[in-house]
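S.K.: One structure, as structure tokens, below. Some questions next.
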Amino acid sequence: MSLGAPLGLGSGLLWGTGDFVGGLQSRRVAPTAVAIWSQVAGAVVLAGVLAVTGHRPALAGVALGAVGGIGGGAALLLFYRGLAEGAMSVVAPVSACGAVVPVVVAFAEGTPPGAAPTAGIVAAIAGVVLVSRPARAERHGGGTPPRVVAMALGAALGFGCFYVFVDAGSAVPGGSPLWVVAGARGGSLVAMLAIAGLGRRSVPWPGRRLWAVALAGILDTTANLLFAYASTIGNLGVIGVLASLYPVTTVLLARFVLAERLSGPQAAGVVLALAGVALLGAG
């Protein structure tokens, strides 16, 4: 089995954990502040890694990473805002629909996955859809506001573009996934600061919650690196879907840490998503 699948799955697990941590903080600190300061923390760690490794950048790879980072940064702002205003078990899975973007690109490039991975993609996406179903109490209470769903869909598009551009940057001859992610981190920070400035939103210091905000950023950066390396050795469509399984982690953490109960469809979605991972790994 190629290392692409476990690395892609690892990125999804770390993204899901980071989203859980960041989502909790975005209910206590301004979502814009959580998004920006978490990215700064991740950038500091990444700078230290680059200083130690001494890799030389390929400008084309860094530029492609930056373009992906712009989409990813805008997506993260929408994502954290959605987590602050809506149900975590709805926003996270809907945002994972970004997995469709790299799948479409992989088919367009003439590199569709085989039969088993294709079945795994269908199972994983179906699992994410089931996980995204709100609990009965929430449905009776009016469900998730349309604006929150719109934010989650916008985040999905941004995340999908991030996957595609990071993959393209990592494929540049002589390029390093480390520098591609560095470009992405720079692009995301520029996008976030620009959006915050245009919206005249404050970026308050997180204070005593800094450690949790920083942890979310470090997990996000590590997941970005795993995805970038996975994309160099695996099929983009498969890796993109594996990475987009992060809502399963988020929902399970909400279940066991916050004692949120999973509905029957959500539990079935987790099982189906895991079955999809097994099929993807078999490919």
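The values are calculated or read from the model by the stated rules, or taken from the named source; none is laboratory data. Note that the structure is a prediction, hence the values are computed from the model and not measured. Cβ coordinates were reconstructed from backbone atoms using ideal geometry, including for glycine residues, and neighbour counts include every protein chain displayed.
S.K.: May I ask you to verify whether LEU64 is in contact with a helix residue (DSSP H, G or I) (Cβ under 6 Å, 6 or more places away or on another chain), under 23 Å from ALA150 (Cα atoms), touching a residue at least 12 places away in the same chain (Cβ under 8 Å) and crowded, with 21+ Cβ neighbours inside 10 Å? Steps first, answer last, please.
M.R.: Details: in contact with a helix residue (DSSP H, G or I) (Cβ under 6 Å, 6 or more places away or on another chain): yes; under 23 Å from ALA150 (Cα atoms): no; touching a residue at least 12 places away in the same chain (Cβ under 8 Å): yes; crowded, with 21+ Cβ neighbours inside 10 Å: yes.
No, not satisfied.
S.K.: Any residue at all in the stretch 251-263 that's surrounded by 18 or more Cβ atoms within 10 Å (Cβ to Cβ), in contact (Cβ under 8 Å) with a residue 12 or more places away in the chain and under 20 Å from GLY42 (Cα atoms)?
M.R.: No: the stretch 251-263 contains no residue that is surrounded by 18 or more Cβ atoms within 10 Å (Cβ to Cβ), in contact (Cβ under 8 Å) with a residue 12 or more places away in the chain and under 20 Å from GLY42 (Cα atoms).
S.K.: State whether one or more residues within the stretch 244-260 are closer than 25 Å to LEU178 by Cβ and of a type outside the set (Ser, Thr, Tyr). Write out each step before concluding.
M.R.: Keep residues of the stretch 244-260 that are closer than 25 Å to LEU178 by Cβ, which gives 244-246, 249.
Within this subset, residues satisfying the condition of being of a type outside the set (Ser, Thr, Tyr) are 245.
Yes: one or more hits.
S.K.: Give me the pairs, please: first residue somewhere in the stretch 8-25 and surrounded by 23 or more Cβ atoms within 10 Å (Cβ to Cβ), second residue anywhere and assigned to a helix (DSSP H, G or I) and among the basic types (Lys, Arg), beta-carbon distance under 9 Å, and either six or more positions apart or on two chains.
M.R.: GLN25/ARG209
S.K.: Looking at the stretch 221-235, which of its residues are closer than 28 Å to ALA268 by Cβ and aliphatic (A, V, I, L, M)? Steps first, answer last, please.
M.R.: So the first thing to find is which residues in the stretch 221-235 are closer than 28 Å to ALA268 by Cβ, and the list is 223, 226-227, 230, 234-235.
Matches in the stretch 221-235: ALA223, LEU226, ALA230.
S.K.: Contact list please: Cβ distance under 8 Å, first residue in the stretch 31-52 and closer than 23 Å to PRO204 by Cα, second residue among the acidic types (Asp, Glu), pairs at least six apart or on different chains.
M.R.: Taking only residues 6 or more apart or on different chains, the pairs are SER38/ASP220; GLN39/ASP220; GLY42/ASP220.
S.K.: Sticking with this one: Within the stretch 83-90, can one find any residue that is in a helix (DSSP H, G or I), buried (at least 19 other Cβ atoms within 10 Å of the Cβ) and among the charged types (D, E, K, R)?
M.R.: Going residue by residue through the stretch 83-90, those that are in a helix (DSSP H, G or I) are 83-85, 88-90.
Among the residues that remain, those that are also buried (at least 19 other Cβ atoms within 10 Å of the Cβ) are: 83-84, 88-90.
Then keep just the ones that are among the charged types (D, E, K, R); that gives none.
No, the conditions are met nowhere in the stretch 83-90.
S.K.: A follow-up question, please. Among the candidates VAL181, VAL213, VAL190, VAL166, single out the residue that is among the β-branched types (Val, Ile, Thr), in a helix (DSSP H, G or I), modelled with pLDDT of 90 or more and in contact with a Ser or Thr (Cβ under 6 Å, 6 or more places away or on another chain).
M.R.: Only one candidate passes the filter, namely VAL213.
S.K.: Right, LEU59: among the hydrophobic types (A, V, I, L, M, F, W, C), out of contact with any strand residue (DSSP E or B) (no Cβ under 8 Å at 6 or more places or on another chain), surrounded by fewer than 21 Cβ atoms within 10 Å (Cβ to Cβ) and modelled with pLDDT under 95 or not? Don't jump to the end; show me each part of the working.
M.R.: Working: among the hydrophobic types (A, V, I, L, M, F, W, C): yes; out of contact with any strand residue (DSSP E or B) (no Cβ under 8 Å at 6 or more places or on another chain): yes; surrounded by fewer than 21 Cβ atoms within 10 Å (Cβ to Cβ): yes; modelled with pLDDT under 95: yes.
The answer is yes for LEU59.
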